[in-house]
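Below: the structure, in structure tokens.
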Amino acid sequence: MSGFKPPLPLRTDTPATWAEAALADPEALLSDHAHCEKKAALTALNMAQHLSDMARASVLLARLAEEELNHYRRVLEALQAFGWKLRPDHGNAYAQALHKLASKGLLDQLLIAALIEARSCERLGLLERAWAAQPAPGSESWLAFLLELEHCEAGHAQVYRSLAEERFGAAAAATRMDWWLDREAEVIRALPWRSAVH
């Protein structure tokens, strides 16, 4: 079981009871996460295009997109293994709320990506602990996958933050991240719980 910490100092913690609500409909949870992994891969490729003049960024984001696509496939495989269908994508109110607040162009897009990955890391850890508390056949492999996802999300958050610092300077990125940490906490507190990571 993981005691892994989110890679950013999130300013509101998700209660452990959130995981119970999210696991109430695991088919919806996995479907939503599949859509999130696909969008994360597309985000990484889009960022790579915007940062094409930075050789380091291109390689990091290509690797990140590859990981996200791998996770997308594996979540789809998990749905099939459980005998469930991929449900339609109804959108992500959390990500949409953050993007509506953006006004600083690429800097904000990089920091939002970092925050989404950091929140995913925190919540995957909660799911992992909740799942471990009610073991079922096949749980060991699923728990290992959740732990892998948790660590990958942390690494992705660090990639986006470091690219923001490299492109815009550490001071500017830190100042803007401080503002974003407050906004992200407000968004999280305003949204209802559902069977999804966000």
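The values are calculated or read from the model by the stated rules, or taken from the named source; none is laboratory data. Computed from a prediction, not measured in an experiment: that's the story for all the values here. Virtual Cβ from ideal backbone geometry, glycine too; neighbours counted across all protein chains shown. Just so you know, the surface numbers come from the protein's heavy atoms only, side chains and all, with ligands and any DNA or RNA stripped out. Shrake-Rupley method; radii C 1.70, N 1.55, O 1.52, S 1.80 Å.
Computed over the Cα atoms of region 147-189, what is the ratio Rg over Rh, Rh following Kirkwood? Spell out each step's value before the answer.
Numbers: Rg = 12.2 Å, Rh = 11.4 Å.
Rg divided by Rh gives 1.06.
At 222 nm, what value in deg cm²/dmol follows for the chain if DSSP H runs of at least 4 each add -39500 (n - 2.57) and the sum is divided by all its residues, to the nearest 500?
-25500 deg cm²/dmol
In whole angstrom, note down how far apart the Cα centers of region 89-116 and region 175-198 are.
So the separation of the two Cα centres works out to 10 Å.
Take region 90-139, drop everything but the C-alpha atoms, weight them equally and run the Debye formula without solvent; then report log10 I(q)/I(0) at 0.13, 0.26, 0.27 Å⁻¹ to two decimals.
-0.46, -0.96, -0.99
Normalized C-alpha radius of gyration of the chain, against 2.2 N^0.38 Å?
Here the Cα radius of gyration is 1.00 times the empirical estimate.
May I ask for the angle, rounded to the nearest 10°, between helix 170-190 and the longest principal axis of the chain, with both axes built from Cα atoms and the value confined to 0 to 90°?
In the chain, helix 170-190 runs at an angle near 40 degrees to the longest axis.
To the nearest 20 Debye, how big is the dipole of region 1-152 about its Cα centre, given +1 on the beta carbon of each Lys and Arg and -1 on that of each Asp and Glu?
Working: 15 positive and 19 negative charges, 72 e Å.
Dipole magnitude for region 1-152 comes out near 340 debye.
First compute the accessible area of the chain with a 1.4 Å probe, then give the percent of it belonging to carbon and sulfur atoms.
Accessible surface attributable to carbon and sulfur in the chain totals 57 percent.
Using only C-alpha atoms and all pairs of different ones, pull out the Kirkwood radius for region 103-198 in Å with one decimal. Kindly include the intermediate steps, with their values, before the conclusion.
Values: mean 1/r = 0.0682 Å⁻¹.
Every distinct Cα pair counted, the radius reaches 14.7 Å.
Separation between the residue 59 and residue 144 pseudo-spin-labels, each 7 Å from Cα along Cα→Cβ, expressed in nm?
3.0
What does a probe at residue 77 reach in region 178-198, counting residues whose amide N is under 19 Å from the point 7 Å along Cα→Cβ?
none
Keeping all protein chains in place, calculate the accessible area per residue for region 1-117 (probe 1.4 angstrom), answer in Å².
51
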